[in-house]
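Undergrad: First, the structure itself, so that you have it in front of you.
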Amino acid sequence: MKIAFVGKGGSGKTTLSSLFIRHLAAAGAPLIAVDADINQHLGAALGLDDEEAAALPAMGAQLPLIKDYLRGSNPRIASAATMIKTTPPGEGSRLLRVDEGNPVYAACARTVPLDDGASVRLMATGPFTESDLGVACYHSKVGAVELCLNHLVDGPGEYVVVDMTAGSDSFASGMFTRFDMTFLVAEPTRKGVSVYRQYKEYAQDFGVSLKVVGNKVQGADDLDFLRTEVGDDLLVTVGHSDWVRAMEKGRPPRFGLLEESNRAALRTLRETADSAYERRDWQRYTRQMVHFHLKNAESWGNAKTGADLATQVDPSFVLGERQAATTPQPA
């Protein structure tokens, strides 16, 4: 299942996504974690020190390799240079699976050890650097994630968890439609629920499955506020956690010692994500992929590459688990 964590800056989005990742890893689930937030704090939340987090390879710096691998023998893509972040797969493209080795993971992913022998494969877009100031957009870095998600096929019991950019920045690309389930982390404040309303409005035309995780909920009044503002989209709430406080200080106890109320909330998140599998529609997923590719091609892609990128669309191709079984591999 492809799962996104979104919310306003400071809502606890990264903390909640890291707890969910630890929960899945502790259960031995096949899993990839992706830090697609401009602030790049997911590695630290998973226990990396500053030096280790800074050493994570940047997906944005590996775009030529990613494009060349995913292009495969697709005859509709003349060269890797003509691929953009929305280029969809077609016959001959290479697809990614969660639980495999491939050149993209070798270049971009690192295994992060957790406790009790668990681990997670972590990928990161890379930070917004000083050299980017005034000349680049962070969404160009996130484009590496979008391209990989466009070519990734996951099955039941497999997970890709993405810590997204904060607020409505998630809508700067079509990546918000790439997920089976989106968890929006909201504090019980007017600002906290304003991002929810905006996300709900933008996402409703694309069939995005959205549930709210109330964070920093301290009592009945906070809970009543969220229920009033969010309604049935409120899935679970999370309150104070001594475990999280220790983690934020860099001294987390064993994950098994996380408070039972918060462990129950994580179980609910997984059950909710798993239930989305039966509603998965690969044809709609592919149509949305093509929709955003054509929009980007017309808006800027054709001019940038000097090619008619609409011809990259393979009208007979539908991404799905059956295609993953026959994906061409490098010689």
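Undergrad: Return a whole-number percent for the relative contact order of the chain, with Cα pairs under 8 Å and 6 or more residues apart as the contact set.
TA: So the answer I get is 27 percent.
Undergrad: At 7 Å along the Cα-to-beta-carbon direction for both residue 99 and residue 278, put a label point, then send me their distance in nm to one decimal.
TA: Roughly 2.3 nm, to one decimal.
Undergrad: Not counting ligands, DNA or RNA, and with a 1.4 Å probe, what is residue 293's accessible surface area in Å² rounded to the nearest 10?
TA: 0
Undergrad: Under a 5 Å amide H to amide H cut-off, with H placed in plane at 1.01 Å, what residues pair with residue 215 once short-range neighbours are removed?
TA: Those lying under 5 Å, H to H, from residue 215 are 186, 187, 238.
Undergrad: Something else now. What is the distance, in nm, between label points placed 7 Å from the Cα along the Cα-to-Cβ direction at residue 232 and at residue 73?
TA: Reported label-point gap for residue 232 and residue 73 is 5.0 nm.
Undergrad: Between beta-carbons, use under 12 Å as the cut-off and find the net charge around residue 18, counting Lys and Arg +1, Asp and Glu -1.
TA: -2
Undergrad: Just reorder 5, 292 by solvent-accessible area, largest first, 1.4 Å probe, all chains present. Write down the numbers at each step before the final one.
TA: Details: 5 0, 292 25 Å².
Largest to smallest exposure gives the sequence 292, 5.
Undergrad: How would you classify the stretch 1-97 from its alpha-carbon gyration tensor, with a ≥ b ≥ c the square roots of the eigenvalues: rounded for a/c under 1.5, else prolate if a/b is greater than b/c, otherwise oblate?
TA: Note, shape of the stretch 1-97 comes out prolate.
Undergrad: Separate question: Fully extended, how many nm does the chain gain between residue 116 and residue 52 (0.36 nm per residue separation, minus their Cα-Cα distance)?
TA: Stretched out fully, the residue 116 to residue 52 stretch lengthens by 21.0 nm.
Undergrad: What is the log10 of I(q)/I(0) for the chain, computed with the Debye formula using one identical point scatterer on each Cα and no solvent, at q = 0.11 Å⁻¹?
TA: For the chain, the Cα-only Debye profile gives -0.69.
Undergrad: How many Å² of accessible area per residue for the chain, probe 1.4 Å?
TA: Details: 14570 Å² over 331 residues.
Per-residue accessible area for the chain comes out at 44 Å².
Undergrad: So what is the relative contact order of the stretch 178-251, in percent, for Cα pairs below 8 Å that sit 6 or more residues apart?
TA: 32
Undergrad: Here's a follow-up. Specify whether the C-alpha gyration tensor of the stretch 188-239 places it in the rounded, prolate or oblate class, a ≥ b ≥ c being the square roots of the eigenvalues: rounded for a/c under 1.5, otherwise prolate if a/b is larger than b/c and oblate if not.
TA: prolate
Undergrad: Once you list every other residue whose beta carbon is under 9 Å from the beta carbon of residue 185, what net charge do they have if Lys and Arg are +1 and Asp and Glu are -1?
TA: +1
Undergrad: Sticking with this one: On average over all directions, what projected area in square nanometres does the stretch 149-214 have, based on the convex hull of its Cα atoms?
TA: Working: hull surface 19.3 nm².
Averaging across all directions leaves 4.8 nm² for the Cα convex hull.
Undergrad: Just the projected area, averaged over all directions, of the convex hull on the alpha carbon atoms of the stretch 160-311: how many nm²?
TA: Taking the Cα atoms of the stretch 160-311, their convex hull projects to 11.7 nm² on average.
Undergrad: What residue among 297, 207, 244 has its Cα farthest toward the positive end of the dipole of the stretch 179-331, where the charges are +1 on Lys, Arg and -1 on Asp, Glu, each on the Cβ?
TA: The listed residue farthest towards the positive side: 244.
Undergrad: Where does the longest stretch of the chain lie that holds no trypsin sites (Lys or Arg not before Pro) found in a DSSP loop with 11 or fewer other Cβ atoms within 10 Å?
TA: Here the longest segment lacking exposed loop sites spans 1-248.
Undergrad: Enumerate the amide H contacts of residue 6 below 5 Å, restricted to partners 5 or more residues apart or on another chain; note that Pro and chain-start residues carry no placed amide H.
TA: Long-range HN contacts for residue 6: 183, 184, 185.
Undergrad: Treat every Asp and Glu Cβ in the chain as -1 and every Lys and Arg Cβ as +1, leave all other atoms uncharged, and give the resulting dipole magnitude about the Cα centre to the nearest 20 debye. Kindly include the intermediate steps, with their values, before the conclusion.
TA: On the way: 35 positive and 41 negative charges, 98 e Å.
Dipole about the Cα centre, nearest 20: 480 debye.
Undergrad: In whole angstrom, how far apart do the alpha carbon centroids of the stretch 32-64 and the stretch 105-125 sit?
TA: 10
Undergrad: Sorted by accessible area with a 1.4 angstrom probe, largest first, how do 243, 282 fall?
TA: Correct descending sequence by accessible area is 282, 243.
Undergrad: Give 67/304; 2/85; 211/249; 8/249; 67/295 a once-over and call out the pairs whose C-alpha atoms are over 26 Å from each other.
TA: 211/249
Undergrad: Would you mind checking the tilt of helix 138-150 against the longest principal axis of the Cα atoms of the chain, expressed as 0 to 90 degrees and rounded to 10?
TA: Long axis of 138-150 versus the principal axis of the chain: about 80 degrees.
Undergrad: Next question. Among the DSSP beta bridges whose two residues both lie in the chain, what percent are antiparallel, rounded to the nearest 5? Could you put the intermediate results ahead of the total?
TA: Values: 5 of 35 bridges.
Once the DSSP bridges in the chain are tallied, antiparallel ones form about 15 percent.
The values are calculated or read from the model by the stated rules, or taken from the named source; none is laboratory data. Predicted, not measured: the structure shown is a model, and the values here were computed from it. All Cβ positions, even for glycine, are placed from backbone atoms using ideal geometry, and neighbour counts span all protein chains on display. To get the accessible areas, we keep the full protein, side chains included, count just its heavy atoms, and leave off ligands, DNA and RNA. Shrake-Rupley method; radii C 1.70, N 1.55, O 1.52, S 1.80 Å.
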